[in-house]
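Here's the structure we're looking at; comments come further down.
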Amino acid sequence: MSIQDKERMKFINELLAQYEGISAAAYQQIIEALEVQQESFGYNAKKQLKVAMFDARSYDIAAFDGEFHSHIQAINIPSSLNLVSAIQAKGCLAVCVFVNDECNEPVIAKLAAYGVKLIALRCAGFNNVDLEACKKHKIDVVRVPEYSPYAVAEHTVALMMMLNRKLHQAYMRNKNGQYVLDGLVGFDMFGKTVGVIGVGKIGRCLINILLGFGCKVLAYDINVDEAFQANPNVNFVSLDQLLESSDIITLHAPLTKQTQHVIDENALNKMKEKVMIINTSRGGLIDTKALVQGLKSGQIGSAGLDVYEEEASIFFHDKSGEVITDDVFARLTTFNNVVITSHQGFLTKEALSNIAQTTLDSFAEFIDGKRGSELSYSIGS
């Protein structure tokens with residue numbers, strides 16, 4: 001019996017102790033009292049599911065408010081979920097988290113002690129969640145398996161074009177009245193070879209955009225989609241072939257044990273000199289220390305990063321008045337051929353709407369009594 005159920009039974013026994021026998025009137029009084037008490041078990045007086053929304057930003061709140069959701073009460077919490085902030089989920093049956101929230105075993109255990117039964121991720125990746133701990137503590141986990149793949153694909157191309165045409169440097173020069181073109185020479189995208197690592201929905205959207213530029217596309221994926229592999233405009237090759245032949249390499253694979261540091265010192269040494277590297281997937285796909293060395297040596301011509309392997313303490317926070325204590329990240333920011341965006345590839349109105357609607361659908365299913373694999377977007381069940 002869970003802590004929540006024990007509390008419920010204790011409350012019922014206390015009510016029953018007040019009566020000698022159960023008349024119809026007494027029974028009705030107990031039912032009414034239970035309905036009032038229901039608020040402390042994850043529902044408010046309006047019988048709405050109480051959800052602790054961690055890492056809630058203005059755009060998250062606006063997106064969820066933009067979708068009709070009379071079935072939940074969102075408690076917006078600006079701080080990230082961790083062992084200290086977990087107490088703010090007390091009284092909620094569900095928590096809603098994002099990519100950098102801590103969902104490790106100690107945090108999961110604390111959430112379970114507070115009666116949490118559902119963790120809803122506002123993203124596709126779930127490498128920050130200890131699924132075994134969730135199973136142990138009987139907490140269901142749902143995610144948003146897909147949302148506007150165009151958002152991330154288009155952001156990827158934006159980074160490519162910014163680095164290629166050095167738009168970030170041109171912008172800063174022009175702001176300072178330096179209207180000179182020296183050092184801003186780029187290249188035609190047409191005819192260039194782009195290696196795409198990971199050809200899920202985002203990777204495929206990106207490939208379609210690149211083909212529009214007239215690029216030659218090389219693709220690599222551990223799990224190959226046979227239907228897409230038949231695309232005559234895309235050459236599926238080995239990882240080594242892709243690394244050796246690409247002018248631009250862009251990452252769109254999930255972070256797993258197999259893909260952790262897929263771009264390391266060994267991989268960098270196989271690449272063309274002055275290669276452009278783009279990562280809009282997960283920071284852990286790149287060994288950042290090796291990346292810094294490649295930039296210093298000139299092996300890497302430029303890098304566009306929307307993610308960073310130790311981003312949790314940096315991205316989504318205002319660090320303008322602080323010293324960055326992460327030496328590797330601080331070094332990255334010194335290169336004028338590196339563009340960093342703080343995990344904003346997903347940030348379009350369409351993607352936010354998709355995320356909100358899918359998450360709300362999961363809450364509706366949970367309220368209807370669905371659990372585990374019955375939940376449409378369940379993981380780890």
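Only the coordinates and a few stated rules stand behind these numbers; no lab work does. This one's a predicted model, so the numbers in the text were calculated from it and none came from an experiment. Using ideal geometry, Cβ is built from the backbone for each residue, glycine included, and neighbour counts are taken over all protein chains shown.
Brief remarks on what is shown
- Under-5 Å amide H pairs with Cys123, H placed in peptide plane, nonlocal only: Val144
- Of Lys175, Lys349, Lys135, the one that fluctuates the most in a GNM where the chain has Cα springs shorter than 10 Å: Lys175
- Under the Debye formula (equal points on every Cα, no solvent term), log10 I(q)/I(0) of the stretch 149-340 at q = 0.11 Å⁻¹: -0.49
- Fewest neighbouring Cβ atoms within 10 Å first, the residues Val234, Val116, Val224 line up as Val224, Val234, Val116.
- Ranked from largest, the principal axis spans of the Cα set of the stretch 271-370 equal 58, 36, 23 Å.
- Choice from Arg57, Arg331, Arg122 with maximal GNM fluctuation in the chain (Cα, 10 Å cutoff): Arg331
- Loop chymotrypsin sites (Phe, Trp or Tyr not before Pro), the stretch 40-117 (other Cβ atoms within 10 Å of the site Cβ: 13 or fewer; DSSP): Phe68
- Comparing mean-square fluctuations of Ala94, Ala219, Ala312 from a GNM of the chain with C-alpha springs under 10 Å, the top value falls on Ala312.
- Rounded to 10°, Cα long-axis angle of helix 288-297 versus longest principal axis of the chain: 20
- Measuring between alpha carbons in the structure, the pairs from Lys138/Lys370; Lys166/Lys274; Lys90/Lys319 lying more than 22 angstrom apart are Lys90/Lys319.
- Projected onto planes of every orientation and averaged, the convex hull of the alpha-carbon atoms in the chain covers 22.7 nm².
- Here the chain is assigned +1 on the Cβ of each Lys and Arg and -1 on the Cβ of each Asp and Glu. Its dipole about the Cα centre then comes out at about 480 debye.
- Exposure proxy shown here: for Val97, Val185, Val339, the number of other Cβ atoms within 10 Å sets the order, fewest to most, as Val185, Val339, Val97.
- Shown for Leu118, Leu163: other C-beta atoms within 10 Å of each C-beta, ranked fewest to most, produce the order Leu163, Leu118.
- Stokes-Einstein D in µm²/s, Kirkwood radius over Cα pairs - the stretch 60-144 at 25 °C with 0.890 mPa s viscosity: 188
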